[in-house]
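Have a look at the structure below, then the notes.
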Amino acid sequence: MFIIAKVLVVNYLGEGHVNPSIGLIKELVQRGEQVTYYTSDLYKEKLQQTGAEFRPISMKAQALMKELVANFQDHKNKSPVIGNMDKMMQSMEWITDEILADIQNEVYDYVIFDAQSFPGKWVADIKKLPSYALWSTFASSEKTSFFKKVMEKWSPEMKEQFLAKQQEMEQITKRLEQKYGVPIPSFLTGMVVDAELHIIFTSRLFQPESEHYNENYVFVGPSVTDRPEQLDFPIEEIQNRRVVYMALGTIVNKRVDLYQMCIEALKDLDVKVVLSIGNYLSPDDIGSIPDNFIVRNYVPQLEVLNHSDVFITHCGMNSTNEGLYFGNALVMLPLVNDQPVVAERVEKLGAGLLLDPQNLDADTLRKSVLEALNNPVYKENSLKISRSFQKAGGYVKAVDELLKSTRKKTTNNL
């Protein structure tokens, strides 16, 4: 994602990256900034509601990203990112080229880019504009490489596949450097980016090794904003009840096996269970639904989390932040990418139980949910993180710091 007093924004990496930016964009617009935001057509309405100008990223890139998401849905494919690094770089090149052509007669003052969305940074460097990074996951630096932590969780097969791709990726990087005339970090180190300011949507408490981050890194907590979702959901059924909520995000959620395991594990408990199964499945795919379950393709997640006690989650950063923000004890089933690292951080801070989704049975899941429900330590530690989130200042703090930096840089250049 990326933004440009006239502000430019690019983000095509999914809902977990777009959602944290929504409050910030709306606040920028309300303070008089003119924001142009490039992203997928999926988020057009959401972005237009902020007052920003929506522009679609490359249609070729959108089609390719849909293909890559389909690869993610195959949970037997253990390394969808590694096997498709070249395609991801191709989509970034398409996006960059089309944006550069689109804005060739336009003037911008600065760029805000998602730290994992390279085109925003590339365009900023090519146009010689100040750039500001938004981190929708844990921040990364030279001393605390988040990407290396993710790599440590890979299987030997994944590491071997990664090394086999390394030479090809270095060639792509060199070609792009020659094409654009700016330094382009290797895909392997691309998560370590230069920026005038880094805005991280978590707290210093939750950020691993936060002592290594100076005042150039501003931790503002998750950007939890009201979402006007018109969904048919019986919220009254989860009020004044013990509630367990299960969701596996928007990318790798086609897991009938895990949903059915949850039903087997919790069907006899005196709890209300909410299953959010995404748009790749229908409730009929899950089978017989017990009376204590509510199964929907989508649910108003923030409202459900506000009433729930335990959150069974894949530990995507956005979902994890939201679960902790509302003080839920987490039962964690990390599936891909950074999710194992995020889950380990929650476990270390004592706010949840970490399970292996590849070696899980209904009895283990049941015992873990009961432990999370009945042992108050998980709730207490979750609330401790929640308080750190709420004290961090949110998107208002983010905009305060961002505008302070941009105005200071403008004054210095006069």
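The values are calculated or read from the model by the stated rules, or taken from the named source; none is laboratory data. The structure presented is a predicted model; accordingly, all values stated were derived computationally and were not measured. Cβ: placed from backbone, ideal geometry, glycine included. Neighbour counts: every protein chain shown.
Among the residues of segment 297-322, those that are farther than 22 Å from Asn374 by Cβ and acidic (Asp, Glu) comprise Glu303, Glu322.
So which of Leu365, Leu383, Leu402 ends up being under 20 Å from Ala265 (Cβ atoms), out of contact with any Asp or Glu (no Cβ under 8 Å at 6 or more places or on another chain) and in a helix (DSSP H, G or I)? Show your work before the answer.
Details: Leu383 fails: under 20 Å from Ala265 (Cβ atoms); Leu402 fails: under 20 Å from Ala265 (Cβ atoms).
That would be Leu365, the only listed residue that is under 20 Å from Ala265 (Cβ atoms), out of contact with any Asp or Glu (no Cβ under 8 Å at 6 or more places or on another chain) and in a helix (DSSP H, G or I).
One residue stands out in segment 260-319 among those that are touching a strand residue (DSSP E or B) at 6+ places or on another chain (Cβ under 6 Å) and of a type in the set (Phe, Trp, Tyr): the one that is modelled with the highest pLDDT, namely Phe311. Evaluating Asp97 against the criteria (1) assigned to a helix (DSSP H, G or I); (2) surrounded by 13 or more Cβ atoms within 10 Å (Cβ to Cβ); (3) modelled with pLDDT under 90 leaves one unmet condition, (3).
Within segment 278-310, which residues are of a type in the set (A, V, I, L, M, F, W, C) and not in a loop (DSSP other than H, G, I, E, B)?
The first filter runs over segment 278-310 and keeps only residues of a type in the set (A, V, I, L, M, F, W, C), leaving 281, 286, 289, 293-295, 299, 302, 304-305, 310.
Scanning segment 278-310 gives Ile286, Phe293, Ile294, Val295, Leu302, Val304, Leu305, Val310.
Results for (1) charged (D, E, K, R); (2) within 19 Å of Ser276 (Cβ to Cβ), shown as yes or no for each residue.
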residue: Gly316; (1), (2): no, yes
residue: Glu322; (1), (2): yes, yes
residue: Leu335; (1), (2): no, yes
residue: Val342; (1), (2): no, yes
residue: Ala362; (1), (2): no, no
residue: Tyr378; (1), (2): no, no
residue: Asn381; (1), (2): no, no
residue: Asp400; (1), (2): yes, no
residue: Thr406; (1), (2): no, no
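For the residues Leu13, Leu42, the requirement of being in contact with a helix residue (DSSP H, G or I) (Cβ under 9 Å, 6 or more places away or on another chain), closer than 22 Å to Leu100 by Cβ and at pLDDT below 90 singles out Leu13.
Of the residues in segment 46-60, none is polar (S, T, N, Q), buried (at least 23 other Cβ atoms within 10 Å of the Cβ) and either part of a strand (DSSP E or B) or modelled with pLDDT of 90 or more (or both).
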